[in-house]
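A quick write-up on the structure given underneath.
The values are calculated or read from the model by the stated rules, or taken from the named source; none is laboratory data. On a predicted model such as this, the values are computed, not experimentally measured, just so you know. Please note: Cβ atoms are built from the backbone with ideal geometry, for glycine as well, and neighbour counts cover all protein chains shown. To get the accessible areas, we keep the full protein, side chains included, count just its heavy atoms, and leave off ligands, DNA and RNA. Shrake-Rupley method; radii C 1.70, N 1.55, O 1.52, S 1.80 Å.
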Amino acid sequence: MAKDILKYLRDKKYVSGEVLARKLKISRVAVWKQIQKLKGIGYKIISDQNLGYCLISRPDLLLPQEIQRGLSTNYIGKEIHYFPELESTNIAAKEKALHRAEGMSEGTLIIAERQSAGKGRLGRKWFSPAGGIWLSIILYPQLSPSYISRITLMTAVAVVKAIKVCTQIESQIKWPNDVLINEKKVCGILTEMSAELDIINWVVVGIGINANIDILDFPKNIQKNTTSLKETSGKEISRVKLVQTFLQEFEKYYEKLKKKGFSSILKEWKLYSHTLGKKIRVDIGERIITGEAIDINESGALILKKEDGELIKIISGTILK
Ligand code: BT5
């Protein structure tokens, strides 16, 4: 109901309690109660005995009604589950993803203001204080499980585009799942899935973007290699706008991936690549391989040229400093 009142409240203009009551088919006392609720979550609303209610400002929170206001996607973010705090949006999304048969729809979003146990890859920790963007998207693609790495690469392209559109900041993609600004990590992506033979049951794409976080708030051991959009631009950015833009870009690229294949996205990925052309060391679990990153192939694997000229195809790994 509080959400419905927002539809009729106008930015910086008065709407009478009577009109609100009539539109929503509730009493004026009920309207007043809902207004108190909205104030409680940070909406600044003033009231005048004769004129009614006037919305002065919205809270800087990633509330579903704020994200969905003006969101132009067809299905990504049409359903949003919002939490002030969660252990991890990926954990919550994975639980929800199981309920496809009960109507869980593709593109459902889990979003939290803070994560108490944010996850990186391979059991690493992801630091997730207030001010960042921590979200996970549930997908049910009819693609082969081998597409998982392409979904991560595609997501990184959508992040770079959204950052550019919203802040004008140029960022680069470090294969496979990092987005960097001036060599420092501003975003990490964690893609998880459940699959059987050649069928994907579900995919959860988790995205963490350091939006309005002060660098000194990061743990000491990662400060050197980490940045935030606030730090780079020198001012707070609109997180709601960035989430909306990202969701729109994400849907665009996801559709492209499914309909036209990966090659068109790969071209853009290469444009934003921080990795190609560099001499790197990659930890692939059982060993570390050194060589020049010369290409990404059609399935999203990194092609490394060793000193002796041998070409190695790496499906997943971590580039070492
Ligand atoms: C990642 O792992 O980069 C994937 C991060 C995914 C986070 C999102 S937030 C929403 C969703 N819910 C979750 O629980 N996770 C996803 P990886 O490549 O393994 O990098 C992890 C490493 O990045 C850590 O070991 C730290 O060194 C560093 N790190 C941790 N927090 C960071 C932060 N906020 N910004 C930059 N670097 C960070």
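Details
- Net dipole in debye of the range 54-111 [+1 Lys, Arg Cβ; -1 Asp, Glu Cβ; about Cα centre; nearest 20]: 180 debye
- By average C-beta atoms within 10 angstrom, highest first, the peptides 62-71, 237-246: 237-246, 62-71
- With all protein chains in place and a 1.4 Å probe, the accessible surface of the chain carries 51 percent carbon and sulfur.
- To the nearest ten degrees, helix 148-167 and the longest principal axis of the Cα atoms of the chain are 50 degrees apart.
- The range 91-198: C-alpha gyration tensor shape, a/c 1.5 cut-off, then a/b vs b/c: prolate
- Nearest-10 value in Å² for the accessible area of Phe218, using the 1.4 Å probe: 10 Å²
- Positive-end ranking of Ile209, Gln244, Ile189 along the dipole of the chain, with charges on Cβ about the Cα centre, is headed by Gln244.
- Shape analysis of the range 247-321 based on the Cα gyration tensor places the equivalent ellipsoid semi-axes at 27, 12, 11 Å, largest first.
- Pairs of Cα atoms farther than 19 Å apart, the range 1-122, %: 57 percent
- Farthest positive-ward along the range 82-185 dipole, Cα basis, beta-carbon charges - from Ser116, Ala156, Ala101: Ala156
- In this structure the range 153-292 gives 44 Å² per residue of accessible area when probed at 1.4 Å with all protein chains present.
- Positive-end extreme of charge dipole, the range 1-95 - chosen from Leu38, Leu24, Leu63 (charges on Cβ): Leu24
- Mean Cβ neighbour count within 10 Å, used as a protection proxy, ranking 145-153, 207-215, 223-231, 50-58 highest first: 207-215, 145-153, 223-231, 50-58
- Span from the the range 85-115 Cα centroid across to the the range 123-162 one, whole angstrom: 13 Å
- Computed about its Cα centre, the charge dipole of the chain is approximately 960 debye, with only Lys, Arg, Asp and Glu carrying charge at their Cβ.
- Principal-axis tilt of helix 239-260 within the chain, Cα atoms, nearest 10 degrees: 50 degrees
- Rg to Rh quotient for the range 32-91, alpha carbon positions, Kirkwood Rh: 1.08
- Over 32 Å (Cα to Cα) - which of Lys13/Lys78; Lys25/Lys235; Lys12/Lys184; Lys25/Lys94; Lys96/Lys305 fall in this group: Lys25/Lys235; Lys12/Lys184; Lys25/Lys94; Lys96/Lys305
- Largest to smallest in accessible area, the residues Met193, Met1, Met104 fall in the order Met1, Met193, Met104 (1.4 Å probe, all protein chains included).
- Relative compactness, the range 170-286, computed as alpha-carbon Rg over 2.2 N^0.38 Å: 1.21
- Against the chain, whose longest principal axis comes from its Cα atoms, helix 28-40 is set at around 40 degrees.
- Cα centroid of the range 277-307 to Cα centroid of the range 166-182, whole Å: 19 Å
- Once backbone amide H atoms are built at 1.01 Å from N, His81 has Leu109, Ile110, Ile111 as its partners under 5 Å, excluding neighbours fewer than 5 places away on the same chain.
- In the chain, one over the average inverse separation of all distinct C-alpha pairs is 21.2 Å, which is the Kirkwood hydrodynamic radius.
- For Ile169, nonlocal amide neighbours, meaning residues 5 or more places apart or on other chains whose placed amide H falls under 5 Å from its own, do not occur.
- Using alpha carbons only: equivalent-ellipsoid semi-axes of the range 167-209, gyration tensor based, whole Å: 29, 10, 8
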